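Everything on this sheet refers to the single structure shown next.
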Amino acid sequence: MPSKQKKNKPSPGSYRQRNYRNRVDRSGLVSFEVQVRETDLHILATKDVRSKALHHVFELRNQLENYIAHYPEFLQSLKPLAFDPTAPAVVKDMMRASEKAGVGPMAAVAGVTAQYIGEILVREHGVQEIVVENGGDIFLQRSQDCRIAIFAGASPLSNKVGVLVKASQMPTGVCTSSATVGHSLSLGQADAVTVLARSTALADAVATRLGNETRNSQEIDLALEIGAAIEGIVGIVIICGEQLGAWGDIELVGV
């Protein structure tokens with residue numbers, strides 16, 4: 001399953017350099033990674049379910065790859081596609097997120113993967129608390145508040161500011177898109193656009209959209225207005241150079 005085209009992600013060769021994973025506060029949770037070609041998950045859970053997670057990653061990828069084989073425009077489109085009521089549930093969720101955000105459905109692939117794996121491990125395998133990180137896009141279901149740092153490339157604010165996700169807001173998705181980190185296409189210049197939403201797929205797609213809209217620091221406010229109008233978005237943080245803007249039910253914290 002090829003990676004999405006519009007969301008900046010590290011290339012496969014850079015996965016080894018994800019040093020930020022070493023900085024995660026595990027808080028008594030079991031930490032493990034699951035990698036299947038482009039899919040590279042870091043999971044924190046109340047017990048070691050890596051074999052179960054691996055099985056479900058293969059299952060999820062198989063659904064997406066089969067759908068793409070029959071409908072290649074799903075992979076290639078940079079715009080929303082007509083909703084397909086016969087598609088697998090994961091594809092439907094990507095289509096819904098795509099429609100709301102105004103981007104191609106593959107803009108939601110990392111977020112939807114993190115959410116689906118997290119939800120199924122909780123629902124079917126007795127995991128009580130979980131964090132699934134997929135290339136910087138995160139699905140959270142915890143009983144305590146969590147601080148998440150924002151990596152914003154060369155911006156002086158990078159790794160100096162973050163968001164506090166409260167236990168009352170979970171489960172939730174926290175997704176970040178960047179025009180200056182990674183190798184994929186972005187139409188903007190934001191160093192980081194971080195979006196919180198109950199749907200991790202939606203947070204992922206909207207992060208891509210707002211990254212495209214932020215072509216310079218003067219457009220931060222406009223991008224925030226666009227994001228605020230999208231139903232289901234909880235909070236937004238945009239960093240562009242030395243400038244930062246935020247909207248919604250979101251608490252900024254130093255890290």
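Residues in the range 34-68 that are charged (D, E, K, R) and closer than 19 Å to Pro88 by Cα: Glu59, Arg61, Glu65. Considering the conditions (1) in a strand (DSSP E or B); (2) without any contact (Cβ under 8 Å) to a residue 40 or more places away in the chain, Glu225 is excluded by exactly one of them, (1).
Inspection of the range 148-158 finds no residue satisfying the criterion of being under 22 Å from Ile120 (Cβ atoms), among the β-branched types (Val, Ile, Thr) and assigned to a strand (DSSP E or B). Of all residues in the range 33-62, those being in contact with a strand residue (DSSP E or B) (Cβ under 9 Å, 6 or more places away or on another chain) and more than 16 Å from Val122 (Cβ to Cβ) number 8.
Leu196 meets all of the listed conditions (1) open to solvent by less than 10 Å² (accessible area, probe 1.4 Å); (2) within 22 Å of Leu54 (Cα to Cα); (3) under 16 Å from the mean Cα position of the chain (by Cα) but one, namely (2). Among the residues of the range 96-120, which ones are surrounded by fewer than 21 Cβ atoms within 10 Å (Cβ to Cβ) and either under 25 Å from His55 (Cβ atoms) or of a type in the set (A, V, I, L, M, F, W, C) (or both)? Those that are surrounded by fewer than 21 Cβ atoms within 10 Å (Cβ to Cβ) and either under 25 Å from His55 (Cβ atoms) or of a type in the set (A, V, I, L, M, F, W, C) (or both): Glu119, Ile120.
The set of residues in the range 35-60 that are crowded, with 18+ Cβ neighbours inside 10 Å, out of contact with any Pro (no Cβ under 7 Å at 6 or more places or on another chain) and among the charged types (D, E, K, R) comprises Asp40, Lys52. Among the residues of the range 229-246, those that are within 18 Å of the chain's Cα centre (by Cα) and over 14 Å from Ile148 (Cβ atoms) comprise Ile230, Glu231, Gly232, Ile233, Ile238.
State all residues of the range 72-94 that are open to solvent by 10 Å² or more (accessible area, probe 1.4 Å) and not in a loop (DSSP other than H, G, I, E, B); if no residue qualifies, say none. Of everything in the range 72-94, those that are open to solvent by 10 Å² or more (accessible area, probe 1.4 Å) and not in a loop (DSSP other than H, G, I, E, B) turn out to be Glu73, Leu75, Gln76, Ala89, Lys92, Asp93.
Residue-by-condition table, conditions (1) at pLDDT 95 or above; (2) open to solvent by less than 10 Å² (accessible area, probe 1.4 Å); (3) under 26 Å from Val131 (Cβ atoms); (4) in contact with a strand residue (DSSP E or B) (Cβ under 9 Å, 6 or more places away or on another chain):
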| position | (1), (2), (3), (4) |
| --- | --- |
| Leu187 | no, no, no, no |
| Gly227 | yes, yes, yes, yes |
| Glu242 | yes, no, no, no |
| Ala246 | yes, no, yes, yes |
| Glu251 | yes, no, yes, yes |
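The values are calculated or read from the model by the stated rules, or taken from the named source; none is laboratory data. Given the structure is predicted, the values throughout are model-derived calculations rather than measurements. Every residue, glycine among them, receives a Cβ derived from its backbone with ideal geometry; neighbour counts consider all protein chains shown. SASA here: full protein model, heavy atoms, side chains in, ligands and nucleic acids out. Shrake-Rupley method; radii C 1.70, N 1.55, O 1.52, S 1.80 Å.
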